[in-house]
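Peer 1: This is the structure I have questions about; it appears just below.
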Amino acid sequence: LGIKLMELGYNMRFNLSIVHYAIPCMEYLCEQTRANVYLTTHVDGSVLYLEGIYSNRRTTKYSIAGKRLPMHVTASGKAMLSYMPEEHVKEIIRRHPLKPSTKNSITSETALLENLRQARERGYSIDNEEETLGLRCVGMAIRNGSGYPVGALSISGSVMNITEDRFETLASLLNEACTTLSSYASLFPFSPIKVLNSYSAKLPGIFADNSYE
């Protein structure tokens, strides 16, 4: 069973077209920032890692592809949450309570919604040692033509490397890459949270149809 699962995982990853398009963008980001770069999507209210490019491959002991993490403690997760309807965000919180990963993790719904509002206004999110102490990340959503977040890119490194004065520069690099990958939004294997009611009528600027209900 273990070998079969490895084989299935390899085949699925190999056949994810978005990874092939994303790798050149990710390698460029890695070269420019000397930090780790991650490609993610969301599946049923969790962050799913699709690929990672590492600034120091000698320290990398495993592939991150297939790893899942809570959305509220990662820069990628919060970047994607920031462009979802509030009803969807609250449904994700209901299904996945805001448990802390570190002392810096957001555990209040009110605080998270405010954090997402700020991220949406500036265009990028920050993981300030919220998932792992000593690590800081800057993330940005990749959106489809309707404005819905189908994935995200993040730049991750130590707090000594990813300093606050670099946020805007990193965000500018992410914006270029995310804009490029938005042309391939249909290739992301995302799985939106299911809700009972239709919100597309309330939010015409976010949904062009009911595809994400």
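The values are calculated or read from the model by the stated rules, or taken from the named source; none is laboratory data. For clarity, every value in this text was computed on a predicted model and none was experimentally measured. Positions of Cβ are generated from backbone atoms using ideal geometry, with glycine treated the same way; all protein chains shown enter the neighbour counts. Remember, those area values only see protein heavy atoms, side chains included, never the ligands or the DNA or RNA. Shrake-Rupley method; radii C 1.70, N 1.55, O 1.52, S 1.80 Å.
Peer 1: Just the residues that are open to solvent by 40 Å² or more (accessible area, probe 1.4 Å) and in contact with a strand residue (DSSP E or B) (Cβ under 8 Å, 6 or more places away or on another chain), please, taken from segment 135-155.
Peer 2: Those that are open to solvent by 40 Å² or more (accessible area, probe 1.4 Å) and in contact with a strand residue (DSSP E or B) (Cβ under 8 Å, 6 or more places away or on another chain): L135, R143.
Peer 1: Determine whether L116 is touching a residue at least 24 places away in the same chain (Cβ under 8 Å), under 17 Å from I193 (Cα atoms) and not basic (K, R).
Peer 2: no
For (1) among the charged types (D, E, K, R); (2) part of a helix (DSSP H, G or I); (3) open to solvent by 50 Å² or more (accessible area, probe 1.4 Å), each residue gets a yes or a no:
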{"residue": "A79", "(1), (2), (3)": "no, yes, no"}
{"residue": "Y83", "(1), (2), (3)": "no, no, no"}
{"residue": "E87", "(1), (2), (3)": "yes, yes, yes"}
{"residue": "E91", "(1), (2), (3)": "yes, yes, no"}
{"residue": "P100", "(1), (2), (3)": "no, no, yes"}
{"residue": "K103", "(1), (2), (3)": "yes, no, yes"}
{"residue": "T107", "(1), (2), (3)": "no, no, yes"}
{"residue": "T110", "(1), (2), (3)": "no, yes, yes"}
{"residue": "E114", "(1), (2), (3)": "yes, yes, yes"}
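Peer 1: Restricted to segment 39-66, and to residues that are in a loop (DSSP other than H, G, I, E, B) and modelled with pLDDT of 85 or more, which residue is surrounded by the fewest Cβ atoms within 10 Å (Cβ to Cβ)?
Peer 2: Applying the filter and picking the extreme gives G66.
Peer 1: Which is over 16 Å from the mean Cα position of the chain (by Cα) and over 21 Å from L170 (Cβ atoms), of R34, R95, R68?
Peer 2: Going through R34, R95, R68 in turn, just one is over 16 Å from the mean Cα position of the chain (by Cα) and over 21 Å from L170 (Cβ atoms): R95.
Peer 1: Another question, then. I need every pair where a residue in segment 120-134 that is farther than 18 Å from V89 by Cα and open to solvent by less than 30 Å² (accessible area, probe 1.4 Å) has its Cβ under 9 Å from the Cβ of a residue that is assigned to a loop (DSSP other than H, G, I, E, B) and at pLDDT below 95, sequence separation at least 6 or different chains.
Peer 2: none
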